[in-house]
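**Student:** This structure is in structure tokens; I'll ask about it shortly.
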Amino acid sequence: MESYLRAGVAIYNAGEYHAAHDAWENHWLNLTQGTDDEQFLHGLIQFTAAVYHAHNRNWSGATGLAASATDYLADLSATYRGVDLGSVNRYLVALNNDPERVERQRPLRLAYKGSVVGFGDLDFNETAIAAEVLAEEHGYDEAMVRQAIDFARADLDSEQTASPFVTFLFDFVREPDQRGIILQRLEEHVTRRVHRESDVSGLFDARE
């Protein structure tokens with residue numbers, strides 16, 4: 001759960017309020033309803049949705065979700081799984097009372113174990129989660145990104161020290177202004193790897 005949690009926190013802190021919930025949702029859907037972990041992720045998903053709607057000036061949607069998120073998080077400790085829920089709950093109350101506050105100041109940034117987590121703090125597995133989420137959010141080729149992640153993991157497993165897949169996936173997540181160019185480079189490497197593996201496989205095909 002920690003990898004999904006940290007990836008979602010970093011996505012949220014980058015201002016990707018809509019995308020953040022995708023890092024948590026699949027894990028949340030597999031949890032038993034009513035458990036602390038389920039309530040926790042459900043509350044965070046509603047929290048990010050409240051901020052998203054406030055940013056889009058949907059004031060009623062923002063206040064309704066802020067109230068709902070508060071209910072889900074109400075029975076959890078002030079710090080749960082490393083996330084500062086005390087600050088989250090205070091912000092939700094303030095947002096419910098005045099959703100237009102998002103136009104006057106930046107929304108609360110989520111703290112994990114005392115630090116505000118950004119993309120630069122994510123390890124590879126967390127970055128891979130973020131890469132898939134961001135590819136979906138911004139309409140990039142999700143299948144190609146997943147293929148790049150598979151190649152990156154294979155390189156890491158074989159202790160390859162300079163994997164272009166690892167490098168470009170980190171860059172894709174960490175450099176939002178360059179994502180289009182980075183993805184083009186990544187796709188070139190994916191295509192070459194696919195062709196190379198296909199060529200090697202073909203050596204063992206039956207020949208006439």
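**Student:** Could you please tell me which pairs satisfy a Cβ distance under 7 Å, a separation of 6+ or placement on different chains, a first residue in the range 68-79 that is on the phi < 0 side of the Ramachandran plot and in the same structural domain as F47 (by TED's automatic domain parsing), and a second residue that is crowded, with 18+ Cβ neighbours inside 10 Å and among the β-branched types (V, I, T)?
**Tutor:** L73/V88
**Student:** Does N58 meet the test of being among the polar types (S, T, N, Q) and either in contact with an Asp or Glu (Cβ under 8 Å, 6 or more places away or on another chain) or farther than 23 Å from N125 by Cβ (or both)?
**Tutor:** yes
Okay, residues lined up against (1) farther than 21 Å from V116 by Cα; (2) assigned to a helix (DSSP H, G or I); (3) within 21 Å of the chain's Cα centre (by Cα); (4) of a type in the set (S, T, Y):
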position: H42; (1), (2), (3), (4): no, yes, yes, no
position: Q46; (1), (2), (3), (4): no, yes, yes, no
position: A49; (1), (2), (3), (4): no, yes, yes, no
position: A54; (1), (2), (3), (4): yes, yes, yes, no
position: G61; (1), (2), (3), (4): yes, yes, no, no
position: G64; (1), (2), (3), (4): yes, yes, no, no
position: S68; (1), (2), (3), (4): yes, yes, no, yes
position: S77; (1), (2), (3), (4): no, no, no, yes
position: E100; (1), (2), (3), (4): yes, yes, no, no
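**Student:** Inside the range 14-53, can you point out the residues that are surrounded by fewer than 21 Cβ atoms within 10 Å (Cβ to Cβ) and touching a Lys or Arg at 6+ places or on another chain (Cβ under 7 Å)?
**Tutor:** Across the range 14-53, there are no qualifying residues.
**Student:** Return the pairs, sorted by first residue and then second, in which the second residue is acidic (D, E), the first residue lies in the range 115-138 and is crowded, with 20+ Cβ neighbours inside 10 Å, the beta carbons are less than 6 Å apart, and the residues are 6+ apart or on different chains.
**Tutor:** Sorted first by the residue in the range 115-138, then by its partner, the pairs are V133/D22; A135/E142.
**Student:** Here is a further query. Report every pair of residues separated by at least 6 positions or lying on different chains whose Cβ atoms are under 9 Å apart, first residue within the range 143-156 and of a type in the set (D, E), second part of a helix (DSSP H, G or I).
**Tutor:** Here the result reads D150/F165; D155/P164; D155/F165; D155/V166, each pair linking the range 143-156 to a residue that is part of a helix (DSSP H, G or I).
**Student:** Somewhere in the range 130-139, is a residue farther than 16 Å from H18 by Cα and either in a helix (DSSP H, G or I) or under 14 Å from the mean Cα position of the chain (by Cα) (or both)?
**Tutor:** no
**Student:** Between a residue in the range 157-183 that is surrounded by 12 or more Cβ atoms within 10 Å (Cβ to Cβ) and any residue that is of a type in the set (F, W, Y) and part of a loop (DSSP other than H, G, I, E, B), which pairs come within a Cβ distance under 8 Å, given they are 6 or more apart or on different chains?
**Tutor:** R179/Y140; L183/Y140
The values are calculated or read from the model by the stated rules, or taken from the named source; none is laboratory data. Remember, predicted model here, so these are calculated numbers, not experimental data. Every residue, glycine as well, gets a Cβ built from its backbone with ideal geometry; the counts of neighbours run over all protein chains shown.
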